[in-house]
Amino acid sequence: MPAHLILLAAGQGTRMQSDLPKILHEVGGLPLFVHALRSAAPLEPDTQVLVVGHGGEHVAKVAEDFGEDVAVAVQEEQLGTGHAVLTARDALSGKAGDAVVLYGDTPFIRGETLERMRAARNEGADIVVLGFEAADPGRYGRLVLDGDTLNAIVEWKDASNEQRAIRTCNSGIVMADATLLFDLLNDVTNDNAQGEYYLTDVPALARARGLVARAVICDEAETLGVNSRADLAAAEAAFQARMRAEALDAGVTLTAPDTVFFSHDTVIGRDALIEPNVVFGPGVTVETGARIRAFSHLEGCHVGRGAIVGPYARLRPGAELGNDVHIGNFVEIKNAGIGEGAKVNHLSYVGDASIGEKTNIGAGTITCNYDGVFKHRTTIGARAFIGSDTMLVAPVTVGDEAMTACGSVITQDVPAGALALARGKQENKPGFATRLMGRLRAAKAAQQTKQYKG
Ligand code: UD1
Ligand code: MG
C-alpha cells in the first residue's frame, strides 16, 4: 500500500521570535522538517506534501537542497489542523494509498513507530492515531479510549474535567486511507472552543460510520515538538545524546562524549578516537583508526585511515586527507587533497591545493590562493619539502622531491628535485650591532639626564 506524507507546517511559529520559518531551524545541521520527512523513510513514501503558510513556498527549494522531493500546498489562512490536511488534497488527487499526517516541527518520531502504525492499519484499523503517556499532559488533546478502540480525541479546551484527567495524549500523527481521510474531513466543522477545523475530530466521525479507529502508543520523547528557542536547544541536546550513543555503540572512542558535537550525517569509522571538544559540521567522514585531537572543527571533509588531526585544527569543505596524514595545531585546510602520509603540522593555511604523498609542509606555510577576485590552485608533488614560512603564490606547481627554502615567496613553478630559494640574501656586518646599541643607549641616557635637570 503506497504511503503519502502530509507534513503540517503552516503554523506561525511566533514563539521562536524569528524571521526564519520555524521548520527551517536546524537540529544537527538539518532543518526540522527534513528530520520529520526522513523519520518516515521506512514507509517509502510515494509523495511528500508540505503544507506551508503564506510566503512559505521557498521551503521547497530548501527541501531540494537536502535531496528531498516535496510538493508544496499553501494554506493561506490557518483555520486548524483539519483544514491544513485538506489543503493537501489536490496534491494527492488520484493517488491511492494511505495518508500519513506528520508535523514539520516534530523531528524525532521513529521509523519503527510509524511501522507499528502501518501494522495496525494492516490488521484492520481504518484510522490509526499516535498517542503517548504524558508525564505532564498539560494542554494536549486527550485520547478517549475504550480498550484498544479510539472513540474520540478531545482538545483540552473542549474537554470535561473527567477527560482532562486522561494522561494518554494525542501526538497529532494520523494514518488512514487518503480518500477516506479527506472524506471524513469534509464533515468536520469549526464548532468548538477554538473555532478551528480540528483534525482530531476524525476518529469520532469514523466511529460514527462504524469504522475502526485505534491508537498506537509511543515514547513521549519521540513526540517532542519545537515551539521556542528553548525547545530547539532541548531538541539539539536530545539529538546529540543519540548521536554520541550511536558512535559509542559503533566502536568509536569518545574520551568526553558530552563535549563532542555531531551533524546529522557524520560518519565515523570503528576504532577512531575523538578527543574532547571536537565539532563535526555537515558532511564529515572519518575513517577507521583516525584520531581527531581536542578542539578541532571539521566540516565537509574526509579523514583517511590512521590520520591524526589537531589539536586545534580546522578542516573546511573539500579537505580530503589520505591515510596516515598528520594535520597539526592551528592548521586550516580547505578544498585540498593531502596525499597519504603527508604532514602539515604547524600554523599553516592550505587551500585550493593538492599535496602529494609523504610531502612535508613546514610551519607557517601559506598557499596564497586568492588574488581578490579569483581563486588559484597550488600543486605540490610527492616527497617534497616545503620550508617553514613559505608563501606559495598560486597558481604555482612544486614538483616531486623539490624543496623550498624557509621564508621563500614562491611565484614560479619549481621543477622536480630542485631547491627554490626566494628571499633576500643575508649580509652580516661585523660589530655593527654592538656599536649601534651603544649609540642608542647613550642617547637614551642623555635624554633622561636632561629631563631630570629640567
Ligand atoms: C495539536 C492537536 C492536539 C495534540 C497536539 C500535539 C489538533 C486540533 N490538536 O494541537 O490534539 O495534542 O497538536 O502537539 O489537531 N498547523 C497548520 N495549519 C493550521 C494549524 C496548525 O499547518 O491551520 C500545523 C502547525 O504548524 C503544527 C501542527 O499543525 O505543525 C499542530 O498545530 P498546533 O497549533 O501546534 O496544534 P496544537 O494546538 O498544539
Ligand atoms: Mg502544538
Extension gain residue 208-residue 179, at 0.36 nm per residue separation less the Cα-Cα distance, in nm?
-> 8.7 nm
Filtering GluC sites (Glu not before Pro) in segment 90-157 by DSSP loop and by at most 16 other Cβ atoms within 10 Å leaves 123
Dividing the alpha-carbon radius of gyration of segment 1-64 by 2.2 N^0.38 Å (N being the number of residues), what value is obtained?
-> 1.14
Stretched fully, the stretch from residue 158 through residue 448 gains (0.36 nm per residue minus C-alpha distance, one decimal, in nm) 95.4 nm
What does the charge add up to near residue 116, with Lys and Arg as +1, Asp and Glu as -1, over the other residues with Cβ less than 13 Å from its Cβ?
-> -2
Residues with amide H under 5 Å of residue 99's amide H, sequence separation 5 or more or different chain, H placed in the peptide plane at 1.01 Å from N; which?
-> 4, 176, 177, 178
For every helix of n ≥ 4 consecutive DSSP H residues, a contribution of -39,500 (n - 2.57) applies; sum these over the chain, divide by its total residues, and give [θ] at 222 nm rounded to the nearest 500 deg cm²/dmol.
-> -6500 deg cm²/dmol
With each label point set 7 Å from Cα along the Cα-Cβ vector, what nm distance links residue 375 and residue 68?
-> 2.8
Work out, step by step, the length gained on full extension between residue 122 and residue 249: first 0.36 nm times the residue separation, then minus their alpha carbon distance; give nm to one decimal.
-> 42.4 nm
For segment 209-270 and segment 129-176, what is the separation of their C-alpha centers, rounded to whole Å?
-> 24
Within segment 388-415: backbone nitrogen closer than 11 Å to the residue 346 label point (7 Å, Cα to C-beta) = 388-389
Provide, for q = 0.10, 0.13 Å⁻¹, the log10 of I(q)/I(0) from a solvent-free Debye sum over equal Cα point scatterers in the chain.
-> -0.82, -1.08
Among the listed pairs 429/450; 343/375; 343/429; 429/453; 375/425, give every one whose C-alpha distance is greater than 27 Å.
-> 429/450; 343/429; 429/453; 375/425
Decide, for segment 316-408, between rounded, prolate and oblate: order the square roots of the alpha carbon gyration tensor eigenvalues as a ≥ b ≥ c, take rounded if a/c falls under 1.5, and otherwise choose prolate if a/b is larger than b/c, else oblate.
-> rounded
Once a ≥ b ≥ c are taken as the square roots of the eigenvalues of the Cα gyration tensor of segment 59-188, is the result rounded (a/c under 1.5), prolate (a/b larger than b/c) or oblate (a/b not larger than b/c)?
-> prolate
Any chance you could check the Cα centroid distance between segment 315-383 and segment 44-85 for me, in angstrom?
-> 43
Across segment 48-58, in residue order, what do the Karplus-derived ³J(HN,Hα) couplings come to in whole Hz, using 6.51 cos²θ - 1.76 cosθ + 1.60 with θ = phi - 60° and x for Gly and Pro?
-> 10, 10, 9, 8, 10, x, 3, x, x, 4, 5
Antiparallel DSSP bridges in segment 3-223: what percent, to the nearest 5?
-> 45
Taking the highest mean first, how do the peptides 170-177, 21-28 order by number of other beta carbon atoms within 10 angstrom per residue?
-> 170-177, 21-28
Counting residues in segment 251-420 as N, plug N into 2.2 N^0.38 Å and put the Cα Rg over that result.
-> 1.02
Just the number, please: carbon plus sulfur as a percent of the accessible area of segment 129-280, 1.4 Å probe, no ligands or DNA/RNA counted.
-> 49
Counting only protein heavy atoms, what percent of the accessible surface of segment 51-101 is carbon or sulfur at a 1.4 Å probe?
-> 50
Could you work out the local net charge near residue 152, counting Lys and Arg as +1, Asp and Glu as -1, over the other residues with Cβ closer than 12 Å to its Cβ?
-> -2
With a/c under 1.5 counting as rounded, go ahead and sort segment 75-142 into rounded, prolate or oblate using the C-alpha gyration tensor (a ≥ b ≥ c being the square roots of the eigenvalues; past the cut-off, prolate if a/b is larger than b/c, else oblate).
-> oblate
Solvent-accessible area per residue for the chain (1.4 angstrom probe, square angstrom) | 48
Cα coordinate range in segment 1-143, projected on the principal axes (Å, largest first) | 44, 41, 32
The summed charge of the residue 180 Cβ neighbourhood (under 12 Å; Lys/Arg +1, Asp/Glu -1) stands at -3
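The values are calculated or read from the model by the stated rules, or taken from the named source; none is laboratory data. Treat the numbers as computed from the prediction; the structure is a model and nothing was measured. As a convention, Cβ positions derive from the backbone with ideal geometry for all residues, glycine included, and neighbour counts pool all protein chains shown. We work out accessible area using only protein heavy atoms, side chains counted, and drop any ligands, DNA or RNA first. Shrake-Rupley method; radii C 1.70, N 1.55, O 1.52, S 1.80 Å.
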